[in-house]
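Beneath this line is the structure, given in structure tokens, with notes to follow.
Only the coordinates and a few stated rules stand behind these numbers; no lab work does. Bear in mind that the values here come from a model prediction, so they are computed numbers and not experimental data. Because the Cβ atoms are built from the backbone with ideal geometry, glycine has one as well, and the counts that use them run over all protein chains shown.
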Amino acid sequence: MDIRSARAMALDRLEGLLEQRELDRVLSMVFEDVFNWIPTRPNRLLSEPEQMRFHQILQALSEHQPIQYILGTADFYGYVFKVSDAVLIPRPETEELVFWMLETIREGGHGAGKILDIGTGSGCIPIVLRKKLSDSWELWGQDVSAAALAIAKENGQRLQATVNWIQADILDKTVWPACSDLWAVVSNPPYIPPSERSRMDEGVRLYEPALALFVPEEDPLLFYRVIAAYAKTALRQRGYLFFELNDAYARQVAALVAAEGFVEVEIQRDMQGFERMLRARMP
């Protein structure tokens, strides 16, 4: 089998399973990252091991497995992160949140501080902040999942980013991270009620960790409320709280944060026009 035939086979088999733009993106990742080939290069035959790998990837994609889990890596903010089904796949919306944090630091002339990411998953937020900020900044990442923290630690080592990792359940006040005088608390917490499961992308619903996705149906703001309460105890004066949001609850989260005593509560839309980010400041 030559590589053009393999690509045609993949197009035929996956058509209808993925939207066209997503299908083009996925096939570009497969053929560029795995087989080092793009359409402008000469056609070539696939070796037997390459053919086996191609059929494995094609079967996994036909079962709706996310391409990032199949390849074991995901791109985020210009860096390549290891991922597994123990962590959420880093997404462009979270890149926008990180950009907003860096913009806040730059515009405010903040020269040093400590930042804690709650529910760090792959560690993408604190690792990118570590890479982008001076050594005067101290980065922390917390997660309840030991498997997620193992991935985060490996990413930190691979990307030569020093981050302090904490395993703790943020819902358990008795084991809240013993951090103080923080410049910022940031979180992309679980925010999807189970009733929304049927409307989710099948790859997300079947393969991404439920622990990092779902909240109790009767309390969709659970993590926002708890994290805002924790942030009040850990932030320094005029410190910041940053959230990634479920746009369906954006206004409710803003009201909750304001009721906790935060000021300058601001919601920002993502590139798709959804209300997906929040920034607030301690008085």
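Would you kindly calculate the mean projected area, averaged across all directions, of the convex hull enclosing the Cα atoms of the stretch 137-283, in square nanometres?
Working: hull surface 38.9 nm².
Convex hull of Cα atoms, orientation-averaged projection: 9.7 nm².
Give a quick list of GluC sites (Glu not before Pro) in the stretch 43-149 that DSSP marks as loop, anything other than H, G, I, E or B, with at most 13 other Cβ atoms within 10 Å.
63
Multiply the residue separation of residue 229 and residue 99 by 0.36 nm, subtract the distance between their alpha-carbon atoms, and state the gained length in nm to one decimal.
This chain segment gains 44.3 nm when fully extended.
Based on alpha-carbon centroids, what's the gap between the stretch 229-268 and the stretch 18-36 in Å, whole number please?
Cα centres, the stretch 229-268 to the stretch 18-36: 38 Å.
Compute the Rg to Rh ratio over the stretch 3-63 from the alpha carbon atoms, using the Kirkwood formula for Rh, and round to two decimal places.
Taking Rg over the Kirkwood Rh, I get 0.93.
Please list the radius of gyration and Dmax for the chain, considering alpha-carbon atoms only, with Å as the unit.
20.5, 65
How much of the DSSP bridge set in the chain is antiparallel, in percent, rounded to the nearest 5?
That works out to approximately 40 percent antiparallel.
If all Cα-Cα distances of the stretch 73-183 are sorted into 5 Å bins from 0 onward, what percent lands in each bin, rounded to whole numbers?
2, 13, 23, 25, 20, 12, 4, 0
Please give the contour-minus-distance gain from residue 63 to residue 34: 0.36 nm per residue of separation, less the Cα-Cα distance, rounded to one decimal in nm.
Once the chain is fully extended between residue 63 and residue 34, it gains 8.5 nm.
Considering the zone a paramagnetic label at residue 178 would reach in this model (a point 7 Å from Cα along the Cα-to-Cβ line), which residues of the stretch 213-230 have amide N under 13 Å from it?
none
So what is the relative contact order of the chain, in percent, for Cα pairs below 8 Å that sit 6 or more residues apart?
Normalised by residue count, the contact order of the chain is 14 percent.
Sum -39500 (n - 2.57) across every DSSP H segment of at least 4 residues in the chain, then divide by the residue count to get the 222 nm mean residue ellipticity, nearest 500.
Numbers: 10 runs with 110 residues, N = 283.
One gets -12000 deg cm²/dmol as the mean residue ellipticity at 222 nm.
Quick one: if you stick a label point 7 Å off each Cα along the C-beta vector at residue 258 and residue 52, how many nm between them?
Rounded to a tenth, the inter-label distance reads 6.1 nm.
Can you figure out the FRET efficiency of residue 25 with residue 237, using R₀ = 35 Å and their beta-carbon distance, to the nearest 0.05?
Taking R0 as 35 Å, the efficiency between residue 25 and residue 237 is 0.20.
How many angstrom lie between the Cα centre of the stretch 184-203 and the Cα centre of the stretch 147-168?
Between the Cα centre of the stretch 184-203 and that of the stretch 147-168, the gap is 23 Å.
Send over the Kirkwood Rh of the stretch 157-215, from the inverse of the averaged 1/r over different Cα pairs, rounded to one decimal Å.
14.6 Å is the Kirkwood radius here.
If I model a spin label as a point 7 Å beyond the Cα along the Cα-Cβ vector, how far apart are those points for residue 196 and residue 45 in nm?
Rounded to a tenth, the inter-label distance reads 5.1 nm.
Need the full-extension length gain, residue 268 to residue 11, defined as separation in residues times 0.36 nm minus the C-alpha distance. One decimal, nm.
88.8 nm
Number of Lys pairs in the chain with C-alpha atoms less than 28 angstrom apart, excluding same-chain neighbours closer than eight positions?
Close lysine pairs under the 28 Å cut-off: 16.
What does DSSP give for the stretch 23-171 in terms of the percent of beta bridges that are antiparallel, rounded to the nearest 5?
Counting DSSP beta bridges with both partners in the stretch 23-171, the antiparallel share is about 30 percent.
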